[in-house]
Amino acid sequence: MFRCGRVLTSEGCRKATPQSLMAYGKMKRYMRDRGHGMRAPRKQSTGPVRSGCHLRPQLRCIVLTPPSPSTTLYRRSTGKIEVPTWVDIVKTGHFKEQAPYNPDWFYVRAAALARHIYLRKAVGIGHLRKFHGGASNRGFRPSHHADASGSVQRKVVQGLEGIGVLEKDPKGGRRISQDGMRDLDRIAVACLEALAEEDESESEEEADEEEDDE
């Protein structure tokens, strides 16, 4: 065992060395793979629905595969959210060089923020700035993280709050409302149905190709 910088062996407790630490790491990995006293490795999801979500489908159960819930929410929210006048010329952060190329980037950002807040209890503007931040170009010096524009995040959150998707939390920040949670769950069900239809169509096409080859 390894405790407080020392290794416990059959000969007694001696000082840890690089070789002993390497042997301890190998033993730990062996025990983890064998399942002796170690936590079992996490199972990867094989489908669009995550494990533990066998009840009513929710947005948190959907793995982000096209068509994603954010895209569906973007399509349904087009024309409902109040869009600022500067949406076509503004940058999403001071570290950016140009404005977004996608003319509908405001709706996509709204869908991303709605899903992000859905998966958490309450989120403030500062957290959202850090979430959509990026690396700032400092020339030959190492890049540092820079937060996104607070005005853009605030306008998006206010737009979602205006259509009833978000609401203010008494302790601060915004949280998902009951109506917003119901709408996002409905979108999740629609995404599952769309994925099932795509899988069926792909299987039918493969079956037709196999028949043609025969």
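No value in this document is a laboratory result; all are computed from the given coordinates. Note that the structure is predicted; figures quoted are calculated from it, not measured. Backbone-built Cβ (ideal geometry, glycine too); neighbour counts: all protein chains shown.
Any residue at all in the stretch 177-190 that's more than 18 Å from Leu113 (Cα to Cα) and surrounded by 12 or more Cβ atoms within 10 Å (Cβ to Cβ)? Yes, some residue in the stretch 177-190 is more than 18 Å from Leu113 (Cα to Cα) and surrounded by 12 or more Cβ atoms within 10 Å (Cβ to Cβ). When Val108, Val157, Val152 are checked against the criterion of being under 18 Å from His94 (Cβ atoms) and assigned to a helix (DSSP H, G or I), a single residue qualifies: Val152. For the stretch 111-140, the set of residues classified as under 14 Å from the mean Cα position of the chain (by Cα), of a type in the set (Lys, Arg) and assigned to a loop (DSSP other than H, G, I, E, B) consists of Arg120 only. Consider only pairs whose beta carbons are under 8 Å apart and that are at least six residues apart or on different chains; among these, list those whose first residue lies in the stretch 193-205 and is touching a residue at least 12 places away in the same chain (Cβ under 8 Å) and whose second residue is of a type outside the set (S, T, N, Q). Partner pairs satisfying both residue conditions: Ala194/Pro67; Leu195/Pro48; Leu195/Pro67. Selection within the stretch 75-125: residues that are hydroxyl-bearing (Ser, Thr, Tyr) and surrounded by 17 or more Cβ atoms within 10 Å (Cβ to Cβ). The member of this set that is farthest from Arg174 (Cα to Cα) is Thr92. Each residue in the stretch 143-157 was checked for being of a type outside the set (Ser, Thr, Tyr) and in contact (Cβ under 8 Å) with a residue 40 or more places away in the chain, and 8 of them qualify.
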